[in-house]
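These notes concern the structure reproduced below.
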Amino acid sequence: MTRKERLLTALRVQQPDRVPLFDFLFQKPMYEALIGHKPDGYNGRDAVSCALALNHDGVWLPFGGFSGFQPRYLEKNVYVDEWGTTYETSASSWPIDAPIDYPIKSRADLIKYRPPDPTLPGRDEQIVEAKKVNTDDLALLGGVAGPLTTTWLLMGYENIALSLYDDPEMLTECFKMSNEYNKEAARRSVTAGCHGMWLSEDLGDSNAGFMKNEHFRKLLLPYIAELAEYITNLGVPVLLHSCGCINQYLDDLAQTKIASVHPLQRTAKMDLRAVKEKYGKRFCLIGNIDSSRTLPYGTPDDVATEVRAAIDAAAPGGGYVLASDHSLHDGIPIENIREMFRVGMEYGAQAYNNH
């Protein structure tokens with residue numbers, strides 16, 4: 001199988017020739033060790049090179065900014081992006097900075113707010129660049145934001161929590177606005193060459209979901225389902241990225257067109273074996289290698305043991321992709337990253353050859 005075929009087979013909850021490999025490439029020293037230099041910003045060419053150096057089967061290529069846009073800097077490390085959200089950069093924030101202020105604080109702000117234009121030139125530039133250098137048939141996986149993620153970046157979590165009770169329609173108006181932008185973003189990403197689309201939508205913390213099931217089903221789920229169905233109708237699978245404990249939402253998410261669930265965060269009560277037993281015929285499962293403890297602080301032997309256990313739990317029958325339970329972020333030793341995917345290649349092939 002080619003890399004793309006292998007990953008897409010797993011996303012269909014079928015068994016490929018070996019367990020596919022993937023991860024979000026969020027560490028500059030890793031790039032330097034693998035491809036000889038650190039990128040200034042996340043870009044398609046370097047991401048493809050780094051993914052291939054790790055024997056990955058897919059690579060993340062988020063929908064981007066438009067050509068010529070320059071953020072408005074308030075201080076050396078504080079800037080406002082095109083959505084009006086204020087961010088602060090730090091040594092550990094690459095490639096996704098942390099928001100510190102939000103443009104929508106009231107209904108009056110929402111009334112006058114205008115989102116960016118997804119049709120402006122250059123937004124698919126990194127997808128196009130990745131496609132040019134994708135000589136080994138990696139699955140190119142685009143990336144858009146879910147409705148809650150966009151609203152979080154526009155309003156902040158505290159304002160969202162208050163609006164659930166004080167003005168829920170304010171939230172659904174933001175959800176609708178987000179979907180209008182991200183539908184077009186997904187369409188353009190697929191047109192540019194993406195074979196699947198990541199939907200980034202963190203739904204929980206380490207203990208539970210952010211919303212009561214009642215609020216989730218009534219307010220947010222319809223917009224997640226709408227966006228997932230739109231992307232699926234473009235002819236590509238939807239891969240949900242949702243950190244945190246999302247067990248309470250899986251039954252509802254199973255009713256949508258979402259094809260896979262990532263990252264099954266170990267420190268957030270996401271038990272890979274239990275999720276496989278209950279949902280393994282419905283979702284492709286991606287992740288579950290502990291990026292908070294084992295990968296940054298364990299030995300290569302610890303990493304190898306955890307990789308084998310994850311493959312044993314989730315690979316039988318197909319529908320599993322080996323990845324960390326978040327990303328390959330700063331603080332994870334390069335030797336542990338290499339060991340994770342070395343063992344994944346070898347043991348992931350044995351898992352299917354032995355069945």
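Inside segment 1-26, residues that are in contact with a Gly (Cβ under 8 Å, 6 or more places away or on another chain), assigned to a loop (DSSP other than H, G, I, E, B) and surrounded by 17 or more Cβ atoms within 10 Å (Cβ to Cβ) make up a count of 7.
Sub-7 Å Cβ pairs linking a first residue in segment 247-267 that is on the phi > 0 side of the Ramachandran plot to a second residue that is of a type in the set (A, V, I, L, M), at least 6 apart or interchain, are 264/270; 264/272; 264/275; 264/285, ordered by first then second residue. Note on segment 110-167: residues that are assigned to a helix (DSSP H, G or I), in contact with a helix residue (DSSP H, G or I) (Cβ under 6 Å, 6 or more places away or on another chain) and more than 22 Å from residue 84 (Cα to Cα) total 7. Just one of the listed residues (306, 277) is assigned to a helix (DSSP H, G or I), within 19 Å of residue 347 (Cβ to Cβ) and of a type in the set (D, E, K, R), namely 306. Taking segment 178-216 as the range and being touching a Phe, Trp or Tyr at 6+ places or on another chain (Cβ under 7 Å), part of a helix (DSSP H, G or I) and within 20 Å of residue 250 (Cβ to Cβ) as the test, only 216 passes.
Matching residues to (1) part of a helix (DSSP H, G or I); (2) of a type outside the set (Lys, Arg); (3) in contact with a Cys (Cβ under 9 Å, 6 or more places away or on another chain):
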| residue | (1), (2), (3) |
| --- | --- |
| 218 | yes, no, no |
| 222 | yes, yes, no |
| 226 | yes, yes, no |
| 231 | yes, yes, no |
| 243 | no, yes, no |
| 248 | yes, yes, no |
| 261 | no, yes, yes |
| 291 | no, yes, no |
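Answer yes or no as to whether residue 127 is closer than 30 Å to residue 12 by Cβ, in contact (Cβ under 8 Å) with a residue 12 or more places away in the chain, buried (at least 17 other Cβ atoms within 10 Å of the Cβ) and β-branched (Val, Ile, Thr). Yes, satisfied.
All of the numbers you see were taken from the coordinates with simple rules; none came from a lab. Every value quoted in this text rests on a predicted model; they were computed, and no experiment measured them. Every residue, glycine as well, gets a Cβ built from its backbone with ideal geometry; the counts of neighbours run over all protein chains shown.
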